[in-house]
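Novice: Please see the structure below; I have some questions.
Taken together, the values in this text are just the output of simple stated rules run on the coordinates, not laboratory data. Keep in mind it's a predicted model, so treat the numbers as computed, not measured. Quick reminder, even Gly has a Cβ in these numbers, built from the backbone with ideal geometry, and neighbours come from all protein chains shown.
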Amino acid sequence: MTPFVETVSTACRFVPWWPRCNPGSCGHPSLCARPCIYVAKNGSCHVDGCSFCHLQHERPVHKLNQRQRHVLQQLDRRSKMDLLVSTVCEGFWREGLADRAGNLIRLLEEEASKHPQGQGMPKQKRHLHDLRKALSRMILADAFKAFEDILPDRVLESFQALRLSMPPQIPQIPDDESLSMPPQIPDGETTPTKPAVTKCELTLKEALSLFPAPEIPVSWIL
């Protein structure tokens, strides 16, 4: 699918890509789904209403490893909710989406307050710190997905509504920059010509003939 840029804003680095957008690309690059394998391999997707992202991702896809998933599973529900709230709040502030995500953050905080404060994992603080770092490297959609098994429907619906309300963002190519035009040569200057003979064009015999071995006088010993 070829992206369609409807409007171009010179004051912003990004321009909106709307309305021809598959569901998985909404919220790109922070809230969209994972990249579509058909687009990655073939350059296009034949699935109508594809739930995976069709746009280019500059950040690599990060996943939790086996130990990080184990640490997350061992946490009590309140610790999981607190970890999710801190992760998504940091991500929304980093992406400049804190104002638009206010309702979702409020629902997450309300859900966290319903559960009693647990003890967490005081004996494995290093592993918990490693889990936090791994979550912070993930895009917001993937980090949110890691906790979806403990989230109620109203929170999941709020996240989907936020994601679908945000058109994907694609990089804007400035008008004064061209990737295909060759460099301009000022008037009066000639284009440098290619040497008649380069080193790679010579055979071994021809190269050796350019550097003959010096003659060594031979003296006979009588």
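Novice: Going by how many other beta carbons lie within 10 Å of each one, how would you line up Val85, Val47, fewest first? Please list the in-between numbers first.
Specialist: On the way: Val85 16, Val47 11.
Going from sparsest to densest Cβ surroundings: Val47, Val85.
Novice: List every residue whose amide H lies under 5 Å from the amide H of Gln169, counting only residues 5 or more places away in sequence or on a different chain, with H placed 1.01 Å from N in the peptide plane.
Specialist: Placed amide hydrogens put His28 under 5 Å from Gln169.
Novice: Place +1 on the Cβ of every Lys and Arg and -1 on the Cβ of every Asp and Glu in the range 24-82, take the dipole about the Cα centre, and give the residue among Val39, Cys50, Leu64 whose Cα lies farthest towards its positive end.
Specialist: Of the listed residues, the answer is Leu64.
Novice: What FRET efficiency comes out for Lys125 versus Asp48 if R0 is 45 angstrom and r is the Cβ-Cβ distance? Round to the nearest 0.05.
Specialist: Once rounded, the FRET efficiency stands at 0.40.
Novice: What number of lysine-lysine pairs in the range 66-165 show an alpha-carbon separation below 15 angstrom, given a sequence spacing of 8 or more or placement on distinct chains?
Specialist: Lysine pairs meeting the criterion: 5.
Novice: Let me ask something additional. In which sequence would Asp149, Asp76 go, from the one with the fewest C-beta neighbours within 10 Å to the one with the most?
Specialist: Asp149, Asp76
Novice: What FRET efficiency comes out for the pair Arg67/Lys41, r = Cβ-Cβ distance, R0 = 30 Å, nearest 0.05?
Specialist: 0.45
Novice: Something else: Between the DSSP loop rule and a limit of at most 15 other Cβ atoms within 10 Å, which trypsin sites (Lys or Arg not before Pro) in the range 78-108 are left?
Specialist: Here the sparse-neighbourhood loop sites are Arg100.
Novice: What residues have an amide H closer than 5 Å to that of Cys53, excluding those fewer than 5 places away on the same chain, when H is modeled at 1.01 Å from N in the peptide plane?
Specialist: It is Ala33, Arg34, Cys36, by chain and number.
Novice: Using θ = phi - 60° and the Karplus curve 6.51 cos²θ - 1.76 cosθ + 1.60, what whole-Hz ³J(HN,Hα) does each residue of the range 68-83 get, with Gly and Pro shown as x?
Specialist: Taking θ as phi minus 60°, the curve returns 5, 5, 5, 4, 5, 5, 7, 6, 6, 4, 5, 5, 5, 5, 4, 5 Hz for the range 68-83.
Novice: Apply the Karplus parameterisation 6.51 cos²θ - 1.76 cosθ + 1.60, with θ equal to phi minus 60°, to every residue of the range 46-58 and state each ³J(HN,Hα) to the nearest whole Hz, in sequence, with x for glycine and proline.
Specialist: Residue by residue, the range 46-58 yields 9, 8, 6, x, 4, 8, 10, 6, 9, 9, 6, 9, 6 Hz.
Novice: Here's something else I'd like to know. Give the residue list of GluC sites (Glu not before Pro) in the range 25-134 that are DSSP loop and have at most 14 other beta-carbon atoms within 10 angstrom.
Specialist: Details: sites: Glu58, Glu90, Glu95, Glu109, Glu110, Glu111; in loops: Glu58.
Within the range 25-134, the qualifying GluC sites (Glu not before Pro) (loop, at most 14 other Cβ atoms within 10 Å) are Glu58.
Novice: About its Cα centre, what dipole magnitude does the range 66-165 give when the only charges are +1 on Lys and Arg Cβ and -1 on Asp and Glu Cβ, stated in debye to the nearest 20?
Specialist: Details: 18 positive and 14 negative charges, 106 e Å.
Approximately 520 debye in magnitude.
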